[in-house]
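Laboratory data are not the source of any read-out in this text; all were calculated from the coordinates shown. Remember, it's a predicted structure, so these values are computed and weren't measured experimentally. Please note: Cβ atoms are built from the backbone with ideal geometry, for glycine as well, and neighbour counts cover all protein chains shown.
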């Protein structure tokens, strides 16, 4: 990864080509969007907002040219621009200024919450809107084994708006963290870990999340509580990262091997709903009583 990051930082054209090509490939393989966004983020972290916007504009042009040549359309570049590169550039710029991953996570949560509220305000009935969107997607993809009625019976439609906001926030924060890790590998060995250990959301937000959980988990608001449910899902996304930070910090404080964290990441991959909720709960508890204790020493620098 260090050599890949070094390749990106060889010059503006290298960064534009990398972000653009990975952005185009992400249409077929969505995980590659992490590398595209992190490329823009790395240049922003190192050189500032102006350079990040320049890379973003260049990458959007690359994607537009690729899809004009292949499919005769360029609108996918606009989707990447608004949904990935610009939020990522802003997030990395905030991280560059504040040197705080918690402040960056607050921005990511704010973006996700804004998406939730905007969808409720613009659609009027957000569940009906997502139902229509899924019906169109199933028809276009010619999927025969899944129906909207099945999703409705399983409760997926009710949670759809919040889950989309969660996925957006997860992808954005992971992209920013990847960019920060690359920067640490090149210019500040060990700096990423120290910064991640210190990720802690404001206690006032923790209290608000606990209060929000009561009506959401009990369901006392019924259909009137859809907005609160969506916002609670966003809060779960945010405290997932604090839970991970707490687990990493406690492992380092006790001088345990990083292999102790492997079951957590395997669980996130194999049983994501259970482990996301579990780690978010760890994050909330850490926000209330500080599970970490004294901060761990920074890891030794590697050559």
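Miscellaneous remarks
- Working from label points 7 Å from Cα in the Cα-to-Cβ sense, the residue 220 to residue 256 distance is 3.7 nm.
- Cβ-based exposure ranking for 135, 195, 51, 3, in which fewest neighbours within 10 Å come first: 3, 135, 51, 195
- Highest-MSF residue in the chain out of 85, 130, 260 [GNM, Cα springs under 10 Å]: 260
- Here the sum of -39500 (n - 2.57) over DSSP H runs of 4 or more residues, divided by the residues of the chain, equals -25500 deg cm²/dmol at 222 nm, to the nearest 500.
- Of 230, 75, the sequence from fewest to most neighbouring Cβ atoms within 10 angstrom is 75, 230.
- The stretch 155-303: relative contact order in percent, alpha carbon pairs under 8 Å with at least 6 residues between: 33
- Gyration tensor (alpha-carbon) shape descriptor, the stretch 1-98, a/c threshold 1.5: prolate
- In plain terms, the residue of 269, 111, 4 with the fewest other Cβ atoms within 10 Å comes first and the most crowded comes last, giving 269, 4, 111.
- The stretch 14-143, relative contact order [Cα under 8 Å, separation at least 6], %: 21
- Approximate spin-label separation residue 118-residue 75, in nm, with each point projected 7 Å along Cα-to-Cβ: 1.7
- Spacing of the modelled spin labels on residue 289 and residue 50, each 7 Å from Cα toward Cβ, amounts to 5.1 nm.
- The distance from the alpha carbon centre of the stretch 1-64 to that of the stretch 178-220 is 25 Å, rounded to a whole number.
- In this structure, residue 28 and residue 86 have a Cβ-Cβ separation that, at R0 = 25 Å, corresponds to a calculated FRET efficiency of about 0.65.
- GNM result for the chain, Cα springs below 10 Å: residue of 19, 28, 252 fluctuating most strongly: 28
- Mean separation of Cα contacts under 8 Å (6+ apart) over length of the chain, as relative contact order %: 18
- For the chain, built as a Gaussian network whose Cα springs stay under 10 Å, the top-fluctuating residue of 278, 169, 91: 278
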